[in-house]
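Remarks on the structure that follows.
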Amino acid sequence: MNTHAQIAPNADDVVLTGDRPTGPLHLGHYAGSLMTRLVTQERVARQVLLIADMQALTDNADDPGKVARNVVEVALDYLAVGLEPPRSLFVLQSAVPELCELTMLYLNVVTVSRLERNPTTRAEIALRGFVRDIPAGFLCYPVAQAADITGFDATLVPVGEDQLPMLELCTEIEQLVNRAAGAPVLRSARAMLSSTPRLPGVDGRKASKSLGNAIALGASNDEIRARVRSMFTDPDHLRVEDPGKIEGNVVFAYLHAFDPDRDALATLTERYQRGGVGDMTVKHRLEDVLVALLEPIRARRDHFEADRGEVMRLVAASTEQARATVADVNRRVRAVFGLAV
Ligand code: TRP
């Protein structure tokens with residue numbers, strides 16, 4: 001596809017990324033992460049795609065059915081875009097109990113004030129309106145995430161900006177454990193910051209499953225068209241002759257992310273800014289681009305969806321494969337804390 005995937009992992013990197021299964025994945029995930037993972041899959045021997053159901057429960061315990069239902073949806077989305085074992089292992093977090101043990105052990109070297117200072121957790125707490133009623137598991141999920149990263153021996157973690165505090169905490173834990181052990185028990189992981197601008201939702205706000213303003217990878221052509229028609233553009237672009245603004249214009253954000261014809265897009269952008277191009281023209285173009293992009297993805301999704309049992313067996317098998325590494329790391333960390341192995 002196009003421009004974004006300039007990430008360059010080495011062949012011997014173990015790359016780890018995760019998704020909370022709270023809904024099907026959408027175009028924001030595709031632009032921000034799935035495209036990069038497809039490139040990574042061609043380069044490295046192992047990439048772990050963690051379906052983080054335990055983490056999803058830390059703020060969805062009131063609706064566990066939602067999390068359970070969406071595990072297979074996320075696996076279907078991975079398969080639909082072309083991610084697949086053995087190079088990409090789909091790992092179901094809750095099926096690796098050693099991660100919980102690691103989390104418990106790491107919690108002993110992290111203070112409550114350290115957790116309360118995490119800017120990403122703070123923002124999420126504010127967003128969800130938690131005060132003193134924060135689930136303890138939610139406050140601690142960055143520690144669980146450090147268990148994910150160190151447990152799978154990851155060396156490279158591609159992340160968006162909002163995940164950097166998680167990586168920072170992970171590095172601190174890794175150093176504390178290695179210092180206590182007097183040996184490199186945990187491998188260090190580096191963050192690989194995504195250079196793609198975050199794709200907005202159709203209304204211009206942050207694209208999110210809960211706001212319902214995203215375009216799902218499995219969207220039908222009719223849904224795609226309806227979503228594009230409702231997209232926020234430039235509110236001051238009233239007549240076709242008026243010059244149009246690109247900044248904050250959702251249609252152009254999507255075109256820049258997905259239009260394969262970069263030259264035509266550059267011309268269209270310039271003409272729109274100058275005046276003389278109507279919103280309907282650019283919306284039609286975007287509809288065509290998205291229909292062409294999502295049609296083959298939807299076809300693959302439909303193919304795998306016909307046998308969900310088979311998809312879950314594939315998840316179980318690749319989870320077992322990756323689990324061996326976590327069990328090994330867990331044994332080493334237990335020894336650092338003086339626990340019988
Ligand atoms: N927190 C990540 C998210 O919100 C998901 C995740 C869980 C993750 N464990 C991880 C990401 C480990 C990277 C590494 O999407």
Failed item, numbered, when Gln145 is tested on (1) buried (at least 16 other Cβ atoms within 10 Å of the Cβ); (2) away from the ligand (no atom under 13 Å from the Cβ): (2)
task: Identify, from the list Thr36, Thr40, Thr103, the residue that is on the phi < 0 side of the Ramachandran plot, without any contact (Cβ under 8 Å) to a residue 60 or more places away in the chain, within 14 Å of the ligand (Cβ to nearest atom) and of a type in the set (Ser, Thr, Tyr).
output: Thr103
field: Residue among Ala45, Ala68 that alone is assigned by TED's automatic domain parsing to the domain that holds Tyr141, surrounded by fewer than 22 Cβ atoms within 10 Å (Cβ to Cβ), over 28 Å from Ile224 (Cα atoms) and of a type in the set (A, V, I, L, M, F, W, C)
entry: Ala45
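Please specify each residue of the stretch 256-266 satisfying the condition of being among the charged types (D, E, K, R) and buried (at least 18 other Cβ atoms within 10 Å of the Cβ).
Residue satisfying the conditions is Asp259 alone.
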- prompt: Residue check, Asp263 against (1) farther than 22 Å from Ala80 by Cα; (2) in contact (Cβ under 8 Å) with a residue 40 or more places away in the chain; (3) in a helix (DSSP H, G or I), all met but one. Which one?
  reply: (2)
task: Any chance you could count how many residues in the stretch 106-118 are in contact (Cβ under 8 Å) with a residue 24 or more places away in the chain, more than 14 Å from the ligand (Cβ to nearest atom) and outside any helix (DSSP H, G or I)?
output: 3
message: Which condition from (1) within 18 Å of Asp19 (Cβ to Cβ); (2) part of a loop (DSSP other than H, G, I, E, B); (3) more than 12 Å from the ligand (Cβ to nearest atom) is the one that Asp133 breaks?
response: (1)
field: Qualifying position, being among the acidic types (Asp, Glu), in a helix (DSSP H, G or I) and farther than 30 Å from Ser88 by Cβ, among Glu310, Glu270, Glu247
entry: Glu270
- line: Over the stretch 211-240, the set of residues closer than 26 Å to Arg300 by Cα and assigned to a loop (DSSP other than H, G, I, E, B) is Gly212, Asn213, Ala214, Ile215, Leu217, Gly218, Ala219, Ser220
query: Is it true that Ser230 is outside the structural domain of Leu107 (by TED's automatic domain parsing) and either without any contact (Cβ under 8 Å) to a residue 12 or more places away in the chain or surrounded by fewer than 14 Cβ atoms within 10 Å (Cβ to Cβ) (or both)?
result: yes
query: For Leu76, are the conditions met, namely being more than 12 Å from the chain's Cα centre (by Cα), part of a loop (DSSP other than H, G, I, E, B) and in contact (Cβ under 8 Å) with a residue 12 or more places away in the chain?
result: no
message: Suppose we filter the stretch 143-162 for residues that are of a type outside the set (A, V, I, L, M, F, W, C) and in contact with a Phe, Trp or Tyr (Cβ under 9 Å, 6 or more places away or on another chain); how many remain?
response: 1
query: Can you pull out the residues in the stretch 44-73 that are assigned to a strand (DSSP E or B) and either among the aliphatic types (A, V, I, L, M) or within 12 Å of the ligand (Cβ to nearest atom) (or both)?
result: Gln47, Val48, Leu49, Leu50, Ile51
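Out of curiosity, is Gly151 more than 9 Å from the ligand (Cβ to nearest atom) and without any contact (Cβ under 8 Å) to a residue 40 or more places away in the chain?
no
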query: Between a first residue in the stretch 163-190 that is in a loop (DSSP other than H, G, I, E, B) and a second residue that is acidic (Asp, Glu), which pairs have beta carbons less than 7 Å apart while being 6 or more apart in sequence or on different chains?
result: Leu186/Glu174; Arg187/Asp153; Ser188/Glu174
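Matching residues to (1) of a type in the set (D, E, K, R); (2) surrounded by 18 or more Cβ atoms within 10 Å (Cβ to Cβ); (3) free of Cβ contacts under 8 Å to residues at least 24 places away in the same chain; (4) closer than 30 Å to Ala144 by Cβ:
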{"position": "Gly248", "(1), (2), (3), (4)": "no, no, no, no"}
{"position": "Tyr254", "(1), (2), (3), (4)": "no, yes, no, no"}
{"position": "Leu268", "(1), (2), (3), (4)": "no, yes, yes, no"}
{"position": "Arg271", "(1), (2), (3), (4)": "yes, no, yes, no"}
{"position": "Leu286", "(1), (2), (3), (4)": "no, yes, no, no"}
{"position": "Arg308", "(1), (2), (3), (4)": "yes, no, no, yes"}
{"position": "Arg313", "(1), (2), (3), (4)": "yes, no, yes, yes"}
{"position": "Arg334", "(1), (2), (3), (4)": "yes, no, no, yes"}
message: For the stretch 161-186, give me the residue count where each residue is charged (D, E, K, R), over 16 Å from the mean Cα position of the chain (by Cα) and within 14 Å of the ligand (Cβ to nearest atom).
response: 2
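The values are calculated or read from the model by the stated rules, or taken from the named source; none is laboratory data. As the structure is a prediction and not an experimental result, all values here were calculated from the model. Quick reminder, even Gly has a Cβ in these numbers, built from the backbone with ideal geometry, and neighbours come from all protein chains shown.
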